[in-house]
Every structure is written in C-alpha cells, then in structure tokens.
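The values are calculated or read from the model by the stated rules, or taken from the named source; none is laboratory data. Note that this is a predicted model, so its numbers are computed, not measured. In this analysis, Cβ positions are derived from the backbone assuming ideal geometry, glycine residues included, and neighbour counts consider all displayed protein chains. These accessible areas exclude ligands, DNA and RNA; they are computed on the full protein's heavy atoms, side chains included. Shrake-Rupley method; radii C 1.70, N 1.55, O 1.52, S 1.80 Å.
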Amino acid sequence: MSRCSASKFEQSVPLINQHNNMVDTNPFRTFPDLEATFSYTPLPEEAEPTGIPASRLKHLKSFFITLCGILFLGLLMVLIHDQGSTTTTPVVVEGERSLSSSTMIMGENIKAVSRGVPEGVSEKSFRLFSGEGDSYPWTNAMLSWQRTSYHFQPQKNWMNDPNGPMFYKGWYHFFYQYNPDAAVWGNIVWAHAVSKDLIHWLYLPFAMVSDHWYDINGVWSGSATLLPDGNIVMLYTGSTNESVQVQNLAYPANLSDPLLIDWVKYSGNPVLVPPPGIGLKDYRDPTTAWYTPDRKWRVTIGSKVNTTGTSLVYQTEDFISYELMDGVLHAVPGTGMWECVDFYPVSTIGDIGLDTSVIGAGVKHVLKASLDDDKHDYYALGTYDEETESWTPDNPAEDVGIGMRYDYGKYYASKTFYDQNKGRRVLWGWTGETDSEAADIEKGWASVQTIPRVVLFDNKTGSNLLQWPVEEVESLRLTSKDFINVEVGAGSVVPLDVGTATQLDIIAEFEIDEEALEGTMEADVGYNCSTSGGAAGRGRLGPFGLLVLADESLSEQTTVYFYISKGIDGNLTTFFCSDESRSSKANDVGKQVYGNTVPVLNGEKLSMRLLVDHSIVESFAQGGRTCITSRVYPTEAIYGAARLFLFNNATGASVITSLKIWKMNSAFIRPFPNDQRI
Ligand code: DQQ
C-alpha cells in the first residue's frame, strides 16, 4: 500500500481561507434566518409563461394563424372519428419515420457550446437532433407544458447529478449539482432539498458553494456516509483553481439540526489528490464508504488509465488521511473514464435493502459506473473480496460498461443510498434534456430527476436487478380506470378513454395470442430496438404496447412496446423498447429508439408500468428488469390534447391487454416554508 497525503500538493497552491463557510451553530434556528440565506428568488405558485423576444413575435403570429388552421382541420377530423372504435390502420408506417439518430444533423444555429469538457467533466449538451436548419418556433405554452409536475426539479436553472442522498432524523436529504446562474452547466454548487416521503420536496439554502481554491471551479459530485457514532461525512470532488480534481471532506455544522442546513468544509482539504499515474482530470466522484471487519473505512473513486475505466480504493480510519490500496476494485478495458461509481451489496435471499457495509453469505455486490464516453449507467453483479479489495463480475461477458444498464433511455450519474427508515436501497438518477440548449435557456430550466427507485436483486432470474418506483409515489394516485381484456388486433390501435393524459401511472399486462405464438416457426431473429425500425417495423409477433402523449390524430405519439422474436429452436426473446421518432413535430429535439431485451420467465405475463409526467416517461418492464426513461417534447399532444392508446403493429398476432390507469396528482415542491418550526 502506498501512503497518500495532500501536504505536498498544498504547498503549491494559494492559502486557504478556512472561515468562508457560513456556519450557524444555533440548534434552534428560526426560519426568517433560513429565508435570508436563499440564493435565488422563488417563482410564483402558478407557472408563468416564459418571455418571448420581440423579434420572434411577428414570426409567432403567422405561426399561430397556421396552427389555428391545423387545429381546426384536426378538430374536424376528431369530430368525424368514432372514439370508441378500433381502427385497423397500422399505427405508424415506415415512410413517416424521422431521420434515425445515426443520420441526424444539427442545424448551425442550434449548435450548443461545449461546457465543462476542458475542465474535465462530461459533455452536458444534447447533440443528437433529428433535423436541420432553423430551430422550431416553440411557444410559451409549449415550453411551459414541458415542466414536470411530480418529478424533482429545481425552481429554475440547470441541475445534473444527484449527490449525497441520505435519511437523517426524519428527513430525506437530497443534494444535487446545480448552476445558480443559468439553465446550462457551469458554476456548480451543491443545492439541497428535504422531503418526508421522497416525493414532496422543500428547497433549502445551498449546502456548499465553490468558495475555496480546492473547489473554486466547482463543487462536484460526492456521497454521504453515516457513521455509527452519529456523525456524517460528505466526500466530494472539487475542481481546483487549476482544474485539478481533488477529493474534499465536509460535515454538518450542527448534527442536532434535522435539516442539516449548514455544512463545514474541513480545514485540511483536499484530503486526496490524484495519485501518480492518474490524470489530474480523471479522478472524481467518491462513493459512500463501507466499513470492513478490520475496522477501517473504504471508499472508491472513479478514474481511467488510457482507455481502461477503473475504480481506485482507499482505506481510512478518520476520513482525513488515506491509504491507496494495491490494485483496484475493478477495471474494464475500453470503457473510458468511470464517473459516479457506486458500489453496494444486495441481498440474494430476501426483498430487503442492505447497508453499504454488509458483506457475507446471501450477499452479492453491485458495481455501477457512469461511462463518460457514452453517457450511460452500466452495472454488473459480482462478488466482493475484502481481503484482496477487489470485485469480480458473475458474468465477465456482462461486465461493467459492456453489459447491463440501469436504464436504456436518458439516465445518468445515478447514485444509491441505504434508507434505514424503510430498510431499502434507493436509487436516484439524473435525466437530462434532449432538446436544444437554446430551448432550455428560453424555458429557464434544464433536467429532472427520475422518481427514486427501490433496487433489489432479482431472485427469479438471478442475473439482474429490479428497479421499481418508491411506493410513496402511489400517494399521488387520484382516480383510476380499469380496462379488462381489451383485444388489440394485429395492425390496430385502440383509444383508452382516460381524458387528459399528461400525468399518469399506468400498469398494463399483455397476452399474445397463444396460437400465433406456437404457430410461428421463426420470427425476427436479430431484432434490435434501436435499429429494427422502431414501432413502425412490423414483425409477426410485435411491436405492441402503448402510445402515450399522443394527439387524437396520432400525428404525435411516444411508443412503449414489447417485441417478441422466436428462434428456429423455439426460444423466445422479448424486447422492451421506446420509440420517440414521432414524439414531436419539432425538428430540434432528440428522437431516439431505445431499449433492450427483458427476461420473461415461464408462466409470466408481459407487464409494463409507465409513469407519464409531461416531458418525461419512465417505463418499467417485468417488475423493473428493464427500464427506459424518455424525454419528449410534443407540440400538439399537450395539455388537454394529450391522449393514450393501445397499439399492436404485429402482422400475425392479436394481443389481449388489461390495464389500470391512475391520474396522478402534482407533488408539492417548493421552498421550505417560513412559518414552520422543527
Ligand atoms: N458531473 C459532475 C462530476 C461528474 C459528472 C460535475 C457526471 O463530478 O463526474 O458536475 O455527470
């Protein structure tokens, strides 16, 4: 083991002002104080339309005239259309497809600036647009509709990674990467919010801002560790005055404050600097620490060596001085920089979550890395050996970065925590925008967090995790409608009369015609969600599923579907996919076809759950074996025009579907009220 110390590094940097942090040691703090520390102005209760530049008004006027014409024609069509009937028109046809993501070109006028890449973080701008030329003439009404109603978002501006989640003295704490100044990445601080139930949130003052040389270029991602003596340590990455990535220690100023409002940065920061052989910008995002039988804490930090992604392990007794362990926790050639590594145990013998330090029989360990190169979160199940301080995947072919993903849609920089309140492990994940940066600036915000998910080992398959939205989201369910045994014939679409369909929780089961399944010798071997034509690619046994955020005429629709392929040996492979190709008439938003296979065991029905909340659709297949998160930006299927349909685009099989659909309430997400006392 080599001993690491920050002292050498400190000599070459400016003196630190160790008294910059706002520290309030008064445990009986009152809320006027709290309000005084807010760094941004709350928005009014009702969403206000975003301002439109005067230069665009003329353009918008003519657009509105055209739009009214289109709407009038649409209305006529709606009146003619028999809502209760089943049409036999295929849902989508090949000719209607947008350009595929591989052929997407981005117009000059919407080219986004690269942000943070020279400083050493991922590209945060979305670049895979579906069109070229002018950006779409978004209206205030369209942009306002995109803001979600029950997903966590700041009041305004940019958000990215979840940081330091924990449960403490009756409150769930959530910190997040946040730009206080704009709707683009930059000037990153740790913003802070608390909740009693992971759904309704109260914004608090920023926990940490960049105010020392060792984090002056950003208070980047990190994790919380709750110590057995009641202390809390927060390890986070600071980007220094020279854009070197270092690890810093912070802790609450007042442990008797359940809101943990004030945070103190350790006077000896940084506690870790890049060791020899590690790039100064390839060293970030410390995990929650785990306690070992030899009474030491260990923590892992993501990095890369050439193109091999890796995770370094350190040992510490006091979180101040550290030893770099020989070897690494794990490394996978060709996977590039590992960001936001997560490492935790899952129980193989019960549906419970485990504290991060649990080892022994009945336990597997999950290693997750967020791949800087492709912006996806990959995980693998394996065995942790605390003697050699290494982790070995169960299946090397499904190793970290080359195998399973938490989510096959837009989902990144995730982090779990052990919720001792409910004995579960909860996963947070960041879902960025897939529209243009210009649109983000216009709407004044960017990014949402997915609904926190409970993570469990899948005892039935033994080869994957299950992710499921926390049960608390069900408290938002309002009225529900049941649809029992709806037959959806091959090549048909069936409207589901649930009224406005912008905030929904949908549970659906599908049974494909047994005779067609048996009678098919071979179908679509080699199918792939992203490259086989999406929802328009008609095969014998798929696709079938749901059209969400669709307008009455289906001119806009986001599809979430199953597709079954059958080998000549009789083996079935089921795919779970989401097709955004027709999700919006706008040309300047991403429209991808996402998905992967999903294990379906003998005797299981095909099932999916969807959480629809304006511009985000979270989809879970087979109890959460495969998940897909989509961001979509319809222009017509919004507000009262958003509808829901079943579809079956298979050529050779009908499908029987049963569904339960709830309308979802909005969550209360707002500043901590002044009139409340703890
Ligand atoms: N975001 C943070 C980094 C992390 C990256 C900076 C992942 O710490 O590696 O905002 O999105």
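Under 8 Å between Cβ atoms, at least 6 apart or on separate chains: pull out the pairs that start in region 313-327 with a residue that is over 20 Å from Tyr344 (Cα atoms) and end on any residue that is at pLDDT below 95 and hydrophobic (A, V, I, L, M, F, W, C).
Qualifying pairs under 8 Å: Ser321/Cys4; Tyr322/Cys4; Glu323/Met1; Glu323/Cys4; Asp326/Met1.
Which residues, taken from region 631-644, are in contact with a strand residue (DSSP E or B) (Cβ under 7 Å, 6 or more places away or on another chain) and either open to solvent by 10 Å² or more (accessible area, probe 1.4 Å) or in a loop (DSSP other than H, G, I, E, B) (or both)?
Within region 631-644, Val632, Pro634, Ala637, Ala642, Arg643 qualify.
Which of the residues spanning region 279-293 are more than 12 Å from the ligand (Cβ to nearest atom) and of a type outside the set (Ser, Thr, Tyr)?
Gly279, Leu280, Ala289, Trp290, Pro293
With Gly533, Gly539 as the choices, which residue is over 22 Å from Val486 (Cα atoms) and surrounded by fewer than 24 Cβ atoms within 10 Å (Cβ to Cβ)?
Just a single option satisfies the conditions, and that option is Gly533.
Would you say Asp197 is on the phi < 0 side of the Ramachandran plot, within 22 Å of the chain's Cα centre (by Cα) and away from the ligand (no atom under 14 Å from the Cβ)?
yes
Hey, can you tell me all the residues within region 252-265 that are of a type outside the set (A, V, I, L, M), touching a Phe, Trp or Tyr at 6+ places or on another chain (Cβ under 8 Å) and surrounded by 17 or more Cβ atoms within 10 Å (Cβ to Cβ)?
Within region 252-265, Pro252, Trp263 qualify.
Tell me the residue from Val219, Val233, Val244 that is within 26 Å of the chain's Cα centre (by Cα), surrounded by 17 or more Cβ atoms within 10 Å (Cβ to Cβ) and more than 11 Å from the ligand (Cβ to nearest atom), please.
None of the others qualify; the one that does is Val233.
Could you please give the count of residues in region 302-350 that are open to solvent by 20 Å² or more (accessible area, probe 1.4 Å), part of a strand (DSSP E or B) and away from the ligand (no atom under 16 Å from the Cβ)?
Within region 302-350, residues that are open to solvent by 20 Å² or more (accessible area, probe 1.4 Å), part of a strand (DSSP E or B) and away from the ligand (no atom under 16 Å from the Cβ) number 6.
Of these, Asp505, Asp524, which one is surrounded by 17 or more Cβ atoms within 10 Å (Cβ to Cβ), acidic (Asp, Glu), more than 27 Å from the chain's Cα centre (by Cα) and in the same structural domain as Tyr563 (by the TED database)?
Asp524
For region 445-459, which residues satisfy the criterion of being closer than 17 Å to Gln153 by Cα, assigned to a loop (DSSP other than H, G, I, E, B) and touching a Gly at 6+ places or on another chain (Cβ under 9 Å)?
Ser447, Thr450, Pro452
Can you pull out every residue in region 418-436 that is open to solvent by 10 Å² or more (accessible area, probe 1.4 Å) and more than 16 Å from the ligand (Cβ to nearest atom)?
Residues satisfying the conditions are Tyr418, Gln420, Asn421, Lys422, Gly423, Arg424.
Among residues belonging to region 460-492 that are outside any helix (DSSP H, G or I) and small (Gly, Ala, Ser), point out the one that is nearest to Arg609 (Cα to Cα).
If we take residues in region 460-492 being outside any helix (DSSP H, G or I) and small (Gly, Ala, Ser), then Ser480 is nearest to Arg609 (Cα to Cα).
Are there strands (runs of 3 or more DSSP E) fully within region 539-615 with at least 3 residues that are in the same structural domain as Val486 (by the TED database) and of a type in the set (Val, Ile, Thr)? List them.
558-566
Could you please tell me which pairs satisfy a Cβ distance under 8 Å, a separation of 6+ or placement on different chains, a first residue in region 172-196 that is under 15 Å from Ser447 (Cα atoms), and a second residue that is more than 16 Å from the ligand (Cβ to nearest atom) and of a type in the set (Lys, Arg)?
The qualifying pairs are Ala183/Lys156; Ala183/Lys443.
Within region 380-417, how many residues are within 16 Å of the chain's Cα centre (by Cα) and open to solvent by less than 50 Å² (accessible area, probe 1.4 Å)?
13
Just one of (1) in contact (Cβ under 8 Å) with a residue 60 or more places away in the chain; (2) buried (at least 19 other Cβ atoms within 10 Å of the Cβ); (3) under 17 Å from Tyr168 (Cβ atoms) trips up Ala207, so point out which.
So the condition that Ala207 fails would be (1).
Name every residue in region 516-541 that is over 23 Å from Ser584 (Cα atoms) and either modelled with pLDDT of 95 or more or touching a strand residue (DSSP E or B) at 6+ places or on another chain (Cβ under 7 Å) (or both), in order of residue number.
If the condition is that a residue be over 23 Å from Ser584 (Cα atoms) and either modelled with pLDDT of 95 or more or touching a strand residue (DSSP E or B) at 6+ places or on another chain (Cβ under 7 Å) (or both), then Thr520, Glu522, Ala523, Asp524, Val525, Tyr527, Gly539, Arg540, Leu541 are the ones that fit.
Taking the criterion of being on the phi < 0 side of the Ramachandran plot, touching a strand residue (DSSP E or B) at 6+ places or on another chain (Cβ under 8 Å) and open to solvent by 10 Å² or more (accessible area, probe 1.4 Å), would at least one residue in region 615-626 satisfy it?
Scanning region 615-626, I find at least one residue that is on the phi < 0 side of the Ramachandran plot, touching a strand residue (DSSP E or B) at 6+ places or on another chain (Cβ under 8 Å) and open to solvent by 10 Å² or more (accessible area, probe 1.4 Å), so the answer is yes.
Which residue, of Thr461, Thr479, is out of contact with any strand residue (DSSP E or B) (no Cβ under 9 Å at 6 or more places or on another chain) and surrounded by fewer than 23 Cβ atoms within 10 Å (Cβ to Cβ)?
Exactly one of Thr461, Thr479 is out of contact with any strand residue (DSSP E or B) (no Cβ under 9 Å at 6 or more places or on another chain) and surrounded by fewer than 23 Cβ atoms within 10 Å (Cβ to Cβ), namely Thr461.
Using the structure shown, decide if Ser256 is hydroxyl-bearing (Ser, Thr, Tyr), within 14 Å of the ligand (Cβ to nearest atom) and over 21 Å from Ser370 (Cβ atoms).
no
Restricting attention to region 560-593, and to residues there that are in contact with a Lys or Arg (Cβ under 8 Å, 6 or more places away or on another chain) and within 26 Å of Ala439 (Cβ to Cβ), which single residue is surrounded by the most Cβ atoms within 10 Å (Cβ to Cβ)?
Ser583
Please work out which residue is surrounded by the fewest Cβ atoms within 10 Å (Cβ to Cβ), limiting yourself to region 118-162 and to residues that are of a type in the set (D, E, K, R) and more than 16 Å from the ligand (Cβ to nearest atom).
Here the residue is Asp134.
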